[in-house]
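The values are calculated or read from the model by the stated rules, or taken from the named source; none is laboratory data. Being a predicted model, the structure only gives us computed values, none of them experimental. Cβ sites come from the backbone with ideal geometry, for glycine too, and all protein chains shown count toward neighbours.
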Amino acid sequence: MYWFSPGPCPVEWYEYFYVVILTVAFSALMNATAEPIMAAIISFINVIIFGAGEEGIAVEDALIEALEDMTGFAPQLDWTLDQCGLSSVGLPQLASRLKNAFSSKTNPVSISAAQLSAARTVGDIVDVIKAGIEQANADGI
């Protein structure tokens, strides 16, 4: 009952390190196993409900939709990242969403948070995405 109560759990000072190590190990395990499994399940459900993914999805529309899902409002292409409520903390999540939106099994697109952080405006992020798609097509994977 101690672990699930709102009150603090009485532990000795040396037990703190065990709790931290176990928490980090459990988080790493869940990140490596549960996240890919859930992503595959959600992707499978999307294919069943909505059919196969659309070919030739518009980059601007997908980016604005992803930003709207994250921030709650649809930004314009000339807005800066600060104006659309996107800080450096949200860039890895945005990179993951965009990578999933534009990648396929035969043509994986690589978009990183570092690439997105170099962009000043939403339009610059579109250019980064298009460059990533072109690079994936050129690699021929």
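Tabulated data for the structure shown
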{"quantity": "Condition broken by residue 88, with the remaining ones in (1) under 23 Å from residue 133 (Cα atoms); (2) modelled with pLDDT of 80 or more satisfied", "calculated": "(2)"}
{"quantity": "Boolean, residue 78 is of a type in the set (D, E, K, R) and at pLDDT 85 or above", "calculated": "yes"}
{"quantity": "Filtered residues of the stretch 1-39 (kept if under 17 Å from residue 96 (Cα atoms) and either in contact (Cβ under 8 Å) with a residue 12 or more places away in the chain or part of a loop (DSSP other than H, G, I, E, B) (or both))", "calculated": "39"}
{"quantity": "Counted residues, the stretch 103-115 - those being in a helix (DSSP H, G or I) and within 12 Å of the chain's Cα centre (by Cα)", "calculated": "1"}
{"quantity": "Meets criteria (surrounded by fewer than 11 Cβ atoms within 10 Å (Cβ to Cβ), part of a loop (DSSP other than H, G, I, E, B) and modelled with pLDDT of 85 or more) for residue 54", "calculated": "no"}
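Matching residues to (1) touching a residue at least 60 places away in the same chain (Cβ under 8 Å); (2) exposed (fewer than 12 other Cβ atoms within 10 Å of the Cβ); (3) acidic (Asp, Glu):
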{"site": "64", "(1), (2), (3)": "no, no, no"}
{"site": "68", "(1), (2), (3)": "no, no, yes"}
{"site": "81", "(1), (2), (3)": "no, no, no"}
{"site": "85", "(1), (2), (3)": "no, no, no"}
{"site": "91", "(1), (2), (3)": "no, no, no"}
{"site": "97", "(1), (2), (3)": "no, no, no"}
{"site": "104", "(1), (2), (3)": "no, yes, no"}
{"site": "133", "(1), (2), (3)": "yes, no, no"}
